[in-house]
1. Scan the range 30-66 residue by residue and report those that are in contact (Cβ under 8 Å) with a residue 60 or more places away in the chain, in contact with a helix residue (DSSP H, G or I) (Cβ under 6 Å, 6 or more places away or on another chain), of a type in the set (A, V, I, L, M) and not in a loop (DSSP other than H, G, I, E, B).
2. Quick check, is ASP9 surrounded by 13 or more Cβ atoms within 10 Å (Cβ to Cβ), at negative phi, touching a helix residue (DSSP H, G or I) at 6+ places or on another chain (Cβ under 8 Å) and modelled with pLDDT of 95 or more?
3. If you scan the range 98-129, which residues turn out to be outside any helix (DSSP H, G or I), touching a residue at least 60 places away in the same chain (Cβ under 8 Å) and out of contact with any helix residue (DSSP H, G or I) (no Cβ under 6 Å at 6 or more places or on another chain)?
4. What number of residues within the range 18-50 satisfy the criterion of being within 28 Å of LYS116 (Cβ to Cβ) and out of contact with any Gly (no Cβ under 7 Å at 6 or more places or on another chain)?
5. Can you tell me which residue among ASP65, ASP48 is surrounded by fewer than 21 Cβ atoms within 10 Å (Cβ to Cβ), more than 19 Å from VAL148 (Cα to Cα) and at pLDDT 95 or above?
Amino acid sequence: MKLNSIGLDDLKTKHIAQDLNQLLANFQIYYQNLRGIHWNIKGKRFFDLHVKFEELYNDANMKVDAIAERVLTLGTTPLHTFDDYIDAAKVPVGKNISEDEKAVRLIVSSLTELLKIERNILDKSGDANDEGTNSMMSDFITEQEKTVWMMKAWLGETV
């Protein structure tokens, strides 16, 4: 087994970095969706949702940077073109969404997809003894599960 400069199995970290790039692409779509619903939300809940969506897109933007930097730390290049993001993304694209429930449902469905990818990375990073990636995924999952619960509660639904 060949180790990289941070002491991890080189082959395993290349696979983890590929998965992180997939997560990066999906986060970029999620981020852009959040920007769109932040800009376009209308109705009686505008003030509350406008602020919440801004909070979420600022958080997503920070996570995008953290993911890209982790990809670099693992010795590969982060995806950085819109073509790459579209090709790799599973998160639904939300276009011209201005209604509150549709916007919140888009967030829930997006986070559901992100959580699937993150759990897969969590398993692989644990197997590779990659604590840096593992810790990041664990933190993301904890935060996003809570956001899904809150959004579902807002919709009057259970997780």
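The values are calculated or read from the model by the stated rules, or taken from the named source; none is laboratory data. Note that the coordinates shown come from a computational prediction; the quantities given were computed from them, not determined experimentally. All Cβ positions, glycine included, derive from the backbone under ideal geometry; neighbour counts span all protein chains shown.
1. LEU34, ILE37, LEU56
2. Details: surrounded by 13 or more Cβ atoms within 10 Å (Cβ to Cβ): yes; at negative phi: yes; touching a helix residue (DSSP H, G or I) at 6+ places or on another chain (Cβ under 8 Å): no; modelled with pLDDT of 95 or more: yes.
No.
3. If the condition is that a residue be outside any helix (DSSP H, G or I), touching a residue at least 60 places away in the same chain (Cβ under 8 Å) and out of contact with any helix residue (DSSP H, G or I) (no Cβ under 6 Å at 6 or more places or on another chain), then ASN129 is the only one that fits.
4. Of the residues in the range 18-50, the ones within 28 Å of LYS116 (Cβ to Cβ) are 18-41, 49.
Narrowing the set further to residues that are out of contact with any Gly (no Cβ under 7 Å at 6 or more places or on another chain) leaves 18-32, 34-35, 38-41, 49.
Total satisfying the criteria: 22.
5. The conditions single out ASP65.
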